[in-house]
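The values are calculated or read from the model by the stated rules, or taken from the named source; none is laboratory data. These figures come from a predicted structure and were not determined experimentally. Glycine gets a Cβ as well: all are built from the backbone with ideal geometry, and neighbour counts include every protein chain shown. Calculation scope for accessible area: heavy atoms of the full protein, side chains included, ligands and nucleic acids excluded. Shrake-Rupley method; radii C 1.70, N 1.55, O 1.52, S 1.80 Å.
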Amino acid sequence: MKRIYKIIAAAAAGALIIGLSCFTIILDAENKTLKNQIAVSYQKSFDELVSNMDSLKVKLLKLEAAGGQNQYSALLMDVWRQAADTESCISSLPVCYQSAGTLTQFMNRTGDYCRYLSGKLANGQPLTSDDLKQISSLADTCGEISNCLNESWKNGYIAEADFNGGAFFTDDAKAGSLDFSNQQFPRLIYDGPFSESVENRQPSGLGGTAVSRDEAQKAACAFTGAAGISYVGDLNGKIACYGFAGEESGNPFSIYVSKQGGKVLWYMSQRATGISALPTKDRYAQLADIAKNFLKSKGYGDTAASYAQFYGGMAVINLAPLQDGVVLYPDLLKVWIDISADTVAGLDANNYLMAHRERTLGAPALTEADVKSKLNANMSVTGVRLALIPLDSGEEKLCYEFSGTLNANQYLVYINANTGTEEDILMIRDTNEGKLIM
Amino acid sequence: MNTKAVKRSLAIVYLLLTVFFYGCDAVPAAAYMFGSRGDQVAEIQRRLKAWGYYFGAIDGIYGKATEDAVIWFQINNGIRIDGIVGAQTAEKLGVALSSSSSKETSSSDVYLLAKVVYGEARGEPYAGKVAVAAVVLNRVASSSFPNTISKVVYQPGAFSIVYDGQINLAPDADALRAARDAMNGWDPSGGAVFYYNPAKTNSSFMWSRPVICTIGSHVFCK
């Protein structure tokens, strides 16, 4: 009997081992297939990156060689497109941040710069010798990176590909298979959304002097009307602030006051989430008035409500300050209103503190009638006013803002009030959460 | 192997949840319409009044004025127009119905952002949730990162929730609101492009970044 048990036990153990082995083999095969699929998609991005970088270099060299404006604008647009493609390839590769970040920045700036040059060309400004020098240094850098990528490609980049996904924040930039931590990148001088000058822009709306924490606390008390406020910590961002928290009529709130000038960066009181539904037009007008009165009482002067979103029981209203009737979009303020309670629940003044300053706008050189002819002939205009708008380059332009409709779509068209140039076109879209400006 | 045990515990959790939700509220009706009465009707009237659709008294009686207000609300909010507070209208108005389960809709960008917030920061204070969403948007705006929300979120290795599948969890109302607040420009992170949980990170790269602020259990940095 005992022997039978032994045999059965041995057979069971054997079956278990065979079963487990089969199971492992199947799992392993599945694992390999999945790994291959991932590896293939990485390999594809990498191959594309290698060839894109090489053709970018070629196009930049062609730009250097081109003699006429025709080729300039065609090649510049091509570089812009290809730089975006290359940036896409980088963003889908498992590379550590130190390498991915610098390469992404290089591609973003290269594309951005070429788009800026093409815009200049379109406005009749030819490329300068400085521009061509910058293009030449871009071509050199693309060449260096391309060589380095080709080297990795020859060594079989994918063999080193990291599958655990933890490679993004390595302590050592060289831990990844692509190392660009020592690559020198040219400094581009231009004005575009990704340019150094725009990214390093400093706030102009703070003014005044440095305030102490006590003074900031007093400003926070004055703003919220709450007596018991406590310091919660600093915010060391572009606009350095002291943070405070308190409670007002049962709602806990946070408020951040700038260390320079003692201005409110944001104020937000905690409210329960409510419904996301559009109010009636009349009701919206009431809510916008609450926001305008609030801003006026806080010293922001007269404002014009521009557009609003409605969600979570809140109306988030965008308001632009007015100067002599001109709408100052760079200084856009955002006010949160609790719709059920008719009270202000929050304010975001980041744009205002970044952009606001004393401006001399001056009278526009062109009249409304002068520039109206620049509009699309099929657009039916429903309104016009003067507005100061921020451009990608960080500049501000005084424009006539035409509200109009074309094929049942609503637009805002901005025509420079001094030069007559069509500076920007925005489309207004009605969504189930309010108007979106795109 | 122990699927039975799993199933049983799931059933218990489900039961508890059901009991919990029913315990919270009196059993609601399937729809409210002309002639309905009660606290829920009063709640409907209160919401309609706050949003500008109803001017009558809050009396809990679903009369002609309430019906007109509901119709106006349905027209403005793109809901089927019938003057009845059924599933869709009830959800928009935030009033519970016995059979309502549909989810709030939003644009794909907001939804993806809300999924990141839910996956990364669902236990955090509200400002901490908005800050996580703001970090994604700050990356989109930065030259050192990709230029769309989905490219930033799915950049290999950038967010651990993408690998462990938490990115696929359905975000809750708080996460959606946080995503929208961040899209509207509120940035409690002060312009941060990185954040980490000091209790869970030993990456010296992260620790070396200049700190902007701490919210809840996350440190936000440049």
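Before moving on, here are some points about what is shown:
- The requirement of being more than 17 Å from A:MET314 (Cα to Cα), open to solvent by less than 20 Å² (accessible area, probe 1.4 Å), of a type in the set (Ser, Thr, Tyr) and at the interface with another protein chain (Cβ under 8 Å from one of its Cβ atoms) is fulfilled somewhere in region B:179-196, by at least one residue.
- A single member of B:PRO146, B:PRO171, B:PRO156 is more than 7 Å from every other protein chain (Cβ to nearest Cβ), buried (at least 21 other Cβ atoms within 10 Å of the Cβ) and not in a helix (DSSP H, G or I), and it is B:PRO171.
- Selection status of B:ALA114, over 25 Å from A:ILE437 (Cα atoms) and crowded, with 18+ Cβ neighbours inside 10 Å: no
Every residue, every condition in (1) touching a residue at least 40 places away in the same chain (Cβ under 8 Å); (2) over 30 Å from the mean Cα position of the chain (by Cα); (3) under 22 Å from A:LEU93 (Cβ atoms), yes or no:
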site: A:ILE25; (1), (2), (3): no, yes, no
site: A:ALA29; (1), (2), (3): no, yes, no
site: A:LYS35; (1), (2), (3): yes, yes, yes
site: A:GLN43; (1), (2), (3): yes, no, yes
site: A:ASP47; (1), (2), (3): yes, no, yes
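- Helices (runs of 4 or more DSSP H) within region B:1-105 that include 1 or more residues of a type in the set (Ser, Thr, Tyr), at pLDDT 55 or above and within 24 Å of the chain's Cα centre (by Cα): B:87-93
- Of all the listed residues (A:ASP289, A:ASP342), the sole one being surrounded by fewer than 23 Cβ atoms within 10 Å (Cβ to Cβ), over 29 Å from the mean Cα position of the chain (by Cα), closer than 30 Å to A:ALA220 by Cβ and modelled with pLDDT under 95 is A:ASP342.
- One residue stands out among those in region B:48-72 that are within 14 Å of another protein chain (Cβ to nearest Cβ) and over 19 Å from A:ALA341 (Cα atoms): the one that is most open to solvent (accessible area, probe 1.4 Å), which is B:TRP72.
- Region A:51-81 - residue that is over 14 Å from A:ILE135 (Cβ atoms) and crowded, with 20+ Cβ neighbours inside 10 Å and, of those, farthest from the other protein chains (Cβ to nearest Cβ): A:MET53
- Among the candidates A:ALA363, A:ALA355, the residue that is more than 10 Å from chain B (Cβ to nearest Cβ), touching a residue at least 60 places away in the same chain (Cβ under 8 Å), out of contact with any Phe, Trp or Tyr (no Cβ under 6 Å at 6 or more places or on another chain) and of a type in the set (A, V, I, L, M) is uniquely A:ALA355.
- Residue satisfying all of: in region A:179-222; outside any loop (DSSP other than H, G, I, E, B) and within 25 Å of the chain's Cα centre (by Cα); nearest to the other protein chains (Cβ to nearest Cβ) among these: A:GLU199
- Candidates are the residues of region A:197-215 that are of a type in the set (A, V, I, L, M) and touching a Lys or Arg at 6+ places or on another chain (Cβ under 7 Å); the one that is farthest from A:ARG109 (Cα to Cα) is A:VAL211.
- Subset of region A:268-283 (residues that are facing another protein chain (nearest Cβ under 10 Å) and in a strand (DSSP E or B)): A:MET268
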